[in-house]
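K.L.:
Below is one structure. I have some questions about it.
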Amino acid sequence: MSEPNNQERKRVLLLYGHPVGQGYWRGLSEHYDLCFVSPQATEYAASIGVPCINLNGFLNGDVQEHALNVSAQIASQAVKNSDIITGRLLSQFNGSAPPEFHSAQDWWPGYVLQHAQAIALQSALLTQLSNVREIAGCVVHEDVAPDTRSLVLWCKARGIPTIHVPHAACHLRADGGSDIHRESRSDWILASGEYERDFYVAGGHPMNRIAIVGAPQMDGLYADEVLPAQAEARRVLDIDNERVICYAGTWSQTTAIRGTGLSEMNDGLHAVIDLTHEWQAVLIIKSHPNGGDDKVYAQALRDTNTPGLITRHYLSYAVRAADVLVAQGPSNICIEAAILGTPSCYIQSEGFDYAHELPFRSNAEQLSIVAREARDSRGDPAWQDFIRLYNAAHPEGGAVEAVVEKVIELCQ
Amino acid sequence: MADGSATMRSEQNEAIYHMASEWFVGLDLMIDDIDLGDAMKYDVLRVSGRLLGRVQGDERAEQPGT
């Protein structure tokens, strides 16, 4: 990491720093001095040899004092507003509000203070940085969470270009109801493909502020020379069986409630286990990297005497080994599997679906039918159309280079 | 539910979203040109969704992520 006061000629590019975007860090670092807002990203980037500025290096007594004073003033206003907030919360739910909503004064000021402290400190550090260095722009992988959205809002208030490179496609249907994932606050969106462009246009983002670049997080799937063939994947995973099913477990999305939640997940898991026995297959459970405890999967396999294994990593091995992928909901792993040549189907979830006729889909009860259709579709050219809709860089890859090129153009 | 018909949970989801979009209006909680209400909206949705799920007896109030 370079020292904060080190005067260098390059302009500074702000990034939040989620690892999903690390593919384009190195390319961008050739044109800018990178500054990550996430402290973990700063450490990680330095460990892989990507030079960056340490934002926390700007922390001093004045910055700390300013952030504390601002957050204290905000909390003071929150105390005064507690009764108003209680009234607003209760009025939205017609008597079905949880108990906590009846007494906002017991938690509201502290809740606001917690967020205010984090955002005020981030803002004060960015201001210190901007006092000594020219900031060229800002790139985020999403702009809905408090730290990323406040970063984007801070930049926009100062006329600094903001660019959103979505880390994944959101598969909410148009009739799926209101959802924060339809929103973007950034000036520009670098979309993975036509689907993502249309998704954000439908959410109100101007079409002329969206450029299609492909999905940089999927570039690694095009390095076929280092990816295992099916036989190699099965050998490494110690699977000696004619039929293999890969089940992509899900994660708990915490910003919305739809469908039937836990019972939906349990129904899906048991439908896949039934399918495994019907096909006399081996089941690979590829749990989600952000998912919870995998013990529920292990217990289910034991309880049903199902041959299988569970892994949170090694996606290319888990998917390539399988005849078919079954996903819990329209997961983005279906796109990754299609790039790797493995057909898929998914168990539907309320409000969500892919916008293409593929992958095959059904409720848990009908899984056996669509899984067979998916298995038989291996090699169907329609899968290529499906991939291109979600990743315009297909079939070559190279979205990382497109992102770097576009960022340079937009941050001139 | 694949046909788009709404469950009680998705109807409450709409209420949460509108609440999170409007509850800061007029409170003037600004930090250095950052609208704190807008910045907190995602977390408000997360917390509210979990609280409402608990009212219904579902400890894992969330939906499967996609």
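K.L.:
Name, by its number, the condition in (1) in contact (Cβ under 8 Å) with a residue 60 or more places away in the chain; (2) open to solvent by 10 Å² or more (accessible area, probe 1.4 Å); (3) closer than 16 Å to A:P39 by Cα that does not hold for A:E134.
P.N.:
(3)
K.L.:
Sort out which residues of segment A:185-204 are open to solvent by less than 20 Å² (accessible area, probe 1.4 Å) and assigned to a loop (DSSP other than H, G, I, E, B), and write them in order of number.
P.N.:
A:S186, A:S192, A:G193 - these are the residues of segment A:185-204 that are open to solvent by less than 20 Å² (accessible area, probe 1.4 Å) and assigned to a loop (DSSP other than H, G, I, E, B).
K.L.:
From the list A:E405, A:E396, A:E365, pick out the single residue that is away from every other protein chain (no Cβ under 14 Å), surrounded by fewer than 21 Cβ atoms within 10 Å (Cβ to Cβ) and either part of a helix (DSSP H, G or I) or in contact with a His (Cβ under 6 Å, 6 or more places away or on another chain) (or both).
P.N.:
Just one listed residue meets the conditions, A:E405.
K.L.:
Right, here's the next one. Hey, does segment A:252-264 have a residue that's modelled with pLDDT of 95 or more and either more than 23 Å from A:V404 (Cα to Cα) or of a type outside the set (A, V, I, L, M) (or both)?
P.N.:
Filtering segment A:252-264 down to residues modelled with pLDDT of 95 or more leaves none.
No, the conditions are met nowhere in segment A:252-264.
K.L.:
Let me confirm something: among A:T342, A:T276, A:T306, which residue is among the polar types (S, T, N, Q), touching a residue at least 40 places away in the same chain (Cβ under 8 Å) and outside any strand (DSSP E or B)?
P.N.:
One residue alone meets the criteria, A:T342.
K.L.:
So A:Q64 passes all but one of these: (1) touching a Cys at 6+ places or on another chain (Cβ under 6 Å); (2) open to solvent by 20 Å² or more (accessible area, probe 1.4 Å). Which condition number does it fail?
P.N.:
With (1) touching a Cys at 6+ places or on another chain (Cβ under 6 Å); (2) open to solvent by 20 Å² or more (accessible area, probe 1.4 Å) applied to A:Q64, the lone miss is (1).
K.L.:
Looking at segment B:48-66, can you tell me whether even one residue there is modelled with pLDDT of 85 or more and crowded, with 18+ Cβ neighbours inside 10 Å?
P.N.:
Initially, segment B:48-66 is screened for residues modelled with pLDDT of 85 or more, giving none.
No; the residues of segment B:48-66 include none that is modelled with pLDDT of 85 or more and crowded, with 18+ Cβ neighbours inside 10 Å.
K.L.:
Which is within 11 Å of chain B (Cβ to nearest Cβ) and at pLDDT 90 or above, of A:Q73, A:Q40, A:Q22? So that I can check it myself, show each step before the final result.
P.N.:
Working: A:Q40 fails: within 11 Å of chain B (Cβ to nearest Cβ); A:Q22 fails: within 11 Å of chain B (Cβ to nearest Cβ).
Unique residue meeting the criteria: A:Q73.
K.L.:
A further question on this structure: Identify all residues within segment A:289-340 that are crowded, with 19+ Cβ neighbours inside 10 Å and among the aromatic types (F, W, Y); write none if there are none.
P.N.:
Hits for segment A:289-340 are A:Y297, A:Y317.
K.L.:
Sort out which residues of segment A:253-285 are closer than 25 Å to A:A145 by Cβ and open to solvent by less than 10 Å² (accessible area, probe 1.4 Å), and write them in order of number.
P.N.:
A:T255, A:A256, A:I257, A:R258, A:G259, A:G261
K.L.:
Restricting attention to segment A:139-167, and to residues there that are assigned to a loop (DSSP other than H, G, I, E, B) and of a type in the set (A, V, I, L, M, F, W, C), which single residue is farthest from the other protein chains (Cβ to nearest Cβ)?
P.N.:
The selected residue is A:V165.
The values are calculated or read from the model by the stated rules, or taken from the named source; none is laboratory data. Remember, predicted model here, so these are calculated numbers, not experimental data. Cβ sites come from the backbone with ideal geometry, for glycine too, and all protein chains shown count toward neighbours. The accessibility values were calculated without ligands, DNA or RNA, using every heavy atom of the protein model including side chains. Shrake-Rupley method; radii C 1.70, N 1.55, O 1.52, S 1.80 Å.
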